[in-house]
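Reviewing the structure listed below.
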Amino acid sequence: MTSELERLCRAKIPGPETGIEIRHTMCDICTPGPQCGVDAYVKDGVVIKVEGTPGFPTNGGALCTKGAANRQYIYRPDRIQTPMRRVGKRGEDKFEPISWDEAMAEIGARLNGVKAQYGPEAVAFMTGYPKWYRPWLHRLAYSFGSPNYFTESSTCHRAEVMSWQLTYGSEMRPDVLGMPDVLVGWGCNPLVSAYPMGRNYLKYREQGGTTVIIDPRRTPTAVQCADFYIRPRTGSDGYLANTVANLIIQNGWADEAFIRDYVHGYDAYREMVSAYTVDEAVRITGVPAEDILHLARLIGTAKTALVQPSNGLTHHINGIPTHRAVICLNALTGNVGKPGTILPTFETAVDMAAGFHTREEEFIQEREPANAKPRVGAQRFPVWAELVPEAQSMDLIRQSLSGDPYPIRAMYAHGVNHRMYLESGRLLDAADAMDFVAAADIFWTDFCRHADIVLPACTSFERSEVKCYAGGLVNYTSPAISPLYESRDDVAIIAATAEALGLDDRLLRAGYDACVKAMFRDVPVDLDQVKAAGSPQKLSLPKAPGYFDTPIHTPSGKIELYSETIAKYKDSHGLDPLPAYEAGYDPSDGTVYPMCLLTGGRIPNAVHSRLHDVPWLRSLRPDPAADINPEDAQRLGIRQGDDIDLVTETGRIRVKANLTAVSAPGEINMYHGYRQANANDLIPLTHLDPYSGFPGFKQLRCRIEKAEVQP
């Protein structure tokens, strides 16, 4: 007969009789975004259950599929358990366990050896996910003397920030709950990719707002939120935006007074968009003429119209011009700096905006090496180099394999997954050609298998972290459980590396608490009290200045439809200061490769490839699959679940066919990062935006071949 205690334990009821405690932590799977509050139910040092923390600022007690699977994520069998040293060939997966002292000594000696022979710039300091330790890794690179700090932001978000900076002088955010008359989500799918913003979309619509979704894919947001859905052909958004701008100007809907006072380059912009006709827009975009006219009227005649572009618009080789073409519509109609439009924002700490400043940037930049050689990618992508204090990762493979303009001989990496890179396997080739590679990670990735030393990192449940949220909120977690095995948190590993390298950086070597307190020394908060409270604490902050209350940080001091920053590279690099439409396809023969491949989008059960080996989440989409429109499938004789090959000039992968109207006819959507079939292997190294260096994930010529049935 079951006792009361057994029933309580089976139900995972916390209390002294069951020995179950609730400990507050956060999920960093979707880092840096929401980082939702989690109540971890812990018994005997083991997480036995997770729930969302009620009232937490991002998730309000809810957890998505990814957060709900945290137990399987934490206790994955492929956790790296102890420092390891390679004893076989790179990629052969032969390692032996060593102590932390041995690992640190070898890292220090080998990296310093490369520095002595080739110079500090020959060491690449690299990171992928998660993002919480990035200021520390960036400072480590600089203290070592290397300008070459690489992040996955070379492919995500940073080009979007660049576009805002080039045009408005600062990053801008959408004030959705300011209730504009019209909300245009251009390429936005927040119900999947950023669900706190998705809730804002739903709330906006519930309150009577009019929502337009523009997206080549018929996404969940398009289905659930759109009053008006527009489906342009992939990569044609810039032409559509400039056609809408021309219609707004022709019909007298442009805010001439606003333009006169606050906008630079309007005459050149007006002349440029005058060539964009509705007839040609129909041909290029596939959008019906009446829909184009209706979109222009909605934006042009609304009292307030909010045009919000997505990060995905920058994942084209015409990404920056396209994104700029879309955001110029806000300035054209005077919808800037007032409720329900776009408002200025800035990053408080580790990519999160909370409404107050820290000294994070100073923490990094005070160690920037003087007279260092140009960062990787600086000569090829000068606009990126001017706006982003990082090397451009998409030029790393080329430079590391060619040695031009100088050699890269070692990699020190945290959380790096080679599948982020185009022709992904070539990053492993680059690693194999290195003198030394060190990799810290939570799990055994393929990149780790090509390293000389591998270090075990821990999850957010096993460490402390300061996190900031919108509205002046600060949180400081404590570990919910002890680090598993011999794992350490990334900042502790970085601090130990600084010591092993003998760097003259006492603050970095002092560890996380000392550094974060130095960064927060001007903020009116006691971090020890926040940590003791165990929940986010709200700061009392003065009202932030409006967009027009401070200088606009562009060369002209105005909103720039004609970018003076880009103009500096017009002749040397062929870049256009105006957001003119440029075709986004690769040069492959369209008759041989008649379809368009899109990758880089989000699905509800994954973030890149971090969760492909979590059983619950993998079960929701067990096989690598390509989304194909039923019209194309019928034409090609393909049925649901058939094996098919996706073929480009660069390669081929075999996947399952998934018939769905999410993809438009002629377009294929493939989620990325699968070990068995990685879509990024199909994209050539050269398929990059010349303004940002971002990869053209979302527009590549391809074809489908039905796999032959094996006898």
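The values are calculated or read from the model by the stated rules, or taken from the named source; none is laboratory data. In this text, all values refer to a predicted model and were calculated from it rather than measured experimentally. Using ideal geometry, Cβ is built from the backbone for each residue, glycine included, and neighbour counts are taken over all protein chains shown. Ligands, DNA and RNA are stripped out before the accessible areas are found, and what is left, the full protein with its side chains, is counted by its heavy atoms. Shrake-Rupley method; radii C 1.70, N 1.55, O 1.52, S 1.80 Å.
Any residue that is of a type in the set (D, E, K, R) and within 19 Å of LEU140 (Cβ to Cβ) - is there at least one of those in segment 470-486? Let's see the steps before the verdict.
From segment 470-486, those of a type in the set (D, E, K, R) are 486; that's our starting set.
Retained after the next criterion (residues that are within 19 Å of LEU140 (Cβ to Cβ)): none.
No, because not a single residue in segment 470-486 is of a type in the set (D, E, K, R) and within 19 Å of LEU140 (Cβ to Cβ).
Take ARG426 and tell me if it is closer than 18 Å to TYR118 by Cα, open to solvent by 10 Å² or more (accessible area, probe 1.4 Å), at pLDDT 95 or above and of a type outside the set (A, V, I, L, M, F, W, C). Working first, answer last.
Working: closer than 18 Å to TYR118 by Cα: no; open to solvent by 10 Å² or more (accessible area, probe 1.4 Å): yes; at pLDDT 95 or above: yes; of a type outside the set (A, V, I, L, M, F, W, C): yes.
No.
What about VAL376, is it open to solvent by less than 10 Å² (accessible area, probe 1.4 Å), of a type in the set (Val, Ile, Thr), touching a residue at least 12 places away in the same chain (Cβ under 8 Å) and part of a helix (DSSP H, G or I)?
No; evaluated as a whole, the condition is false for this residue.
Looking only at segment 458-497, how many residues end up being open to solvent by 20 Å² or more (accessible area, probe 1.4 Å) and in a strand (DSSP E or B)?
2
For segment 203-238, what are the residues that are polar (S, T, N, Q), in a strand (DSSP E or B) and open to solvent by 30 Å² or more (accessible area, probe 1.4 Å)?
We begin by selecting, within segment 203-238, every residue polar (S, T, N, Q); these are 207, 210-211, 219, 221, 224, 234, 236.
Imposing the further condition that a residue be in a strand (DSSP E or B) reduces the set to 210-211.
Across segment 203-238, the qualifying residue is only THR210.
Condition check ((1) of a type in the set (D, E, K, R); (2) closer than 19 Å to THR167 by Cα) across all residues:
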site: LEU332; (1), (2): no, yes
site: VAL336; (1), (2): no, yes
site: PRO344; (1), (2): no, yes
site: GLU347; (1), (2): yes, yes
site: PHE356; (1), (2): no, no
site: ALA372; (1), (2): no, no
site: MET394; (1), (2): no, no
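Looking at GLU631, GLU705, GLU649, which one is over 25 Å from the mean Cα position of the chain (by Cα), assigned to a loop (DSSP other than H, G, I, E, B) and within 30 Å of VAL287 (Cα to Cα)?
One residue alone meets the criteria, GLU649.
Looking only at residues that are hydrophobic (A, V, I, L, M, F, W, C) and in a loop (DSSP other than H, G, I, E, B) in segment 272-300, which one is farthest from PRO665 (Cα to Cα)? Explain how you work it out, then say what you get.
Keep residues of segment 272-300 that are hydrophobic (A, V, I, L, M, F, W, C), which gives 272-273, 275, 278, 281-282, 284, 287, 289, 292-293, 295-296, 298-299.
Next, only the ones that are in a loop (DSSP other than H, G, I, E, B) stay: 275, 287.
Numbers: ALA275: 28, VAL287: 13 Å.
Within segment 272-300, the match that is farthest from PRO665 (Cα to Cα) is ALA275.
Out of segment 1-36, which residues are in contact (Cβ under 8 Å) with a residue 40 or more places away in the chain and either more than 30 Å from ASP351 (Cα to Cα) or in contact with a strand residue (DSSP E or B) (Cβ under 7 Å, 6 or more places away or on another chain) (or both)?
The answer is ARG23, HIS24, THR25, MET26, CYS27, PRO32, GLN35.
Is there a residue in segment 671-678 that is basic (Lys, Arg), in contact (Cβ under 8 Å) with a residue 40 or more places away in the chain and touching a Leu at 6+ places or on another chain (Cβ under 9 Å)?
No, segment 671-678 contains no residue that is basic (Lys, Arg), in contact (Cβ under 8 Å) with a residue 40 or more places away in the chain and touching a Leu at 6+ places or on another chain (Cβ under 9 Å).
Select, from SER535, SER540, SER487, the only residue that is among the small types (Gly, Ala, Ser) and either at positive phi or in contact with a Lys or Arg (Cβ under 9 Å, 6 or more places away or on another chain) (or both).
Values: SER535 fails: either at positive phi or in contact with a Lys or Arg (Cβ under 9 Å, 6 or more places away or on another chain) (or both); SER540 fails: either at positive phi or in contact with a Lys or Arg (Cβ under 9 Å, 6 or more places away or on another chain) (or both).
The unique qualifying residue is SER487.
From the residues in segment 641-670 that are closer than 18 Å to PRO604 by Cα and in contact (Cβ under 8 Å) with a residue 40 or more places away in the chain, which one is surrounded by the fewest Cβ atoms within 10 Å (Cβ to Cβ)?
That would be ALA661.
Give me the residue from segment 524-571 that is open to solvent by 80 Å² or more (accessible area, probe 1.4 Å) and among the small types (Gly, Ala, Ser) and, out of that set, nearest to VAL38 (Cα to Cα).
ALA532
Return only the number of the condition from (1) at pLDDT below 95; (2) under 22 Å from LEU611 (Cβ atoms); (3) open to solvent by 10 Å² or more (accessible area, probe 1.4 Å) that GLY673 does not satisfy.
It fails just one condition, (3).
Of the conditions (1) at pLDDT 95 or above; (2) surrounded by 19 or more Cβ atoms within 10 Å (Cβ to Cβ); (3) aliphatic (A, V, I, L, M); (4) in contact with a helix residue (DSSP H, G or I) (Cβ under 8 Å, 6 or more places away or on another chain), MET420 fails just one. Which one is it?
Only one criterion in (1) at pLDDT 95 or above; (2) surrounded by 19 or more Cβ atoms within 10 Å (Cβ to Cβ); (3) aliphatic (A, V, I, L, M); (4) in contact with a helix residue (DSSP H, G or I) (Cβ under 8 Å, 6 or more places away or on another chain) is unmet by MET420, namely (1).
Which residue is modelled with the lowest pLDDT, if the candidates are limited to segment 173-202 and must be in a helix (DSSP H, G or I) and open to solvent by 50 Å² or more (accessible area, probe 1.4 Å)?
SER193
Taking only pairs six or more apart or across chains, which ones have beta-carbon atoms under 6 Å, a first residue in segment 248-275 that is farther than 19 Å from SER563 by Cβ and open to solvent by less than 80 Å² (accessible area, probe 1.4 Å), and a second residue that is in a loop (DSSP other than H, G, I, E, B) and polar (S, T, N, Q)?
Listed pairs, sorted by first residue: ASP255/THR333.
Check off (1) under 13 Å from THR599 (Cβ atoms); (2) assigned to a strand (DSSP E or B); (3) not aliphatic (A, V, I, L, M) for LYS698 and give me the number that stays unchecked.
(2)
Test of understanding: among SER193, SER170, SER163, which residue is farther than 27 Å from TYR671 by Cα and either touching a Ser or Thr at 6+ places or on another chain (Cβ under 6 Å) or hydroxyl-bearing (Ser, Thr, Tyr) (or both)? Explain how you work it out, then say what you get.
Working: SER193 fails: farther than 27 Å from TYR671 by Cα; SER163 fails: farther than 27 Å from TYR671 by Cα.
Result: SER170 is the single residue among SER193, SER170, SER163 that is farther than 27 Å from TYR671 by Cα and either touching a Ser or Thr at 6+ places or on another chain (Cβ under 6 Å) or hydroxyl-bearing (Ser, Thr, Tyr) (or both).
Among the residues of segment 572-588, how many are modelled with pLDDT of 95 or more and either assigned to a helix (DSSP H, G or I) or loosely packed, with under 15 Cβ neighbours inside 10 Å (or both)?
Adding up the residues that qualify gives 3.
Under 6 Å between Cβ atoms, at least 6 apart or on separate chains: pull out the pairs that start in segment 394-419 with a residue that is under 14 Å from PRO695 (Cα atoms) and end on any residue that is of a type in the set (Val, Ile, Thr).
Cβ pairs passing all conditions: ASP395/VAL376; LEU396/VAL376.
Pairs, please: C-beta under 7 Å, at least 6 apart or cross-chain, first residue closer than 14 Å to TYR133 by Cα and assigned to a loop (DSSP other than H, G, I, E, B) and in segment 502-527, second at pLDDT 95 or above and not acidic (Asp, Glu)?
GLY511/VAL491; GLY511/ALA492; GLY511/ALA495
Just one of (1) part of a loop (DSSP other than H, G, I, E, B); (2) in contact (Cβ under 8 Å) with a residue 24 or more places away in the chain; (3) surrounded by fewer than 22 Cβ atoms within 10 Å (Cβ to Cβ) trips up ASP681, so point out which.
Status for ASP681: all satisfied but (1).
From ILE628, ILE638, grab the single residue that is closer than 15 Å to THR599 by Cα, at pLDDT 95 or above and open to solvent by less than 60 Å² (accessible area, probe 1.4 Å).
ILE628
Of the residues in segment 98-134, how many are among the acidic types (Asp, Glu) and open to solvent by less than 50 Å² (accessible area, probe 1.4 Å)?
The total comes to 2.
For segment 31-89, give me each residue that is surrounded by fewer than 15 Cβ atoms within 10 Å (Cβ to Cβ), in contact with a Phe, Trp or Tyr (Cβ under 7 Å, 6 or more places away or on another chain) and assigned to a loop (DSSP other than H, G, I, E, B).
Those that are surrounded by fewer than 15 Cβ atoms within 10 Å (Cβ to Cβ), in contact with a Phe, Trp or Tyr (Cβ under 7 Å, 6 or more places away or on another chain) and assigned to a loop (DSSP other than H, G, I, E, B): ASP78, GLN81, VAL87.
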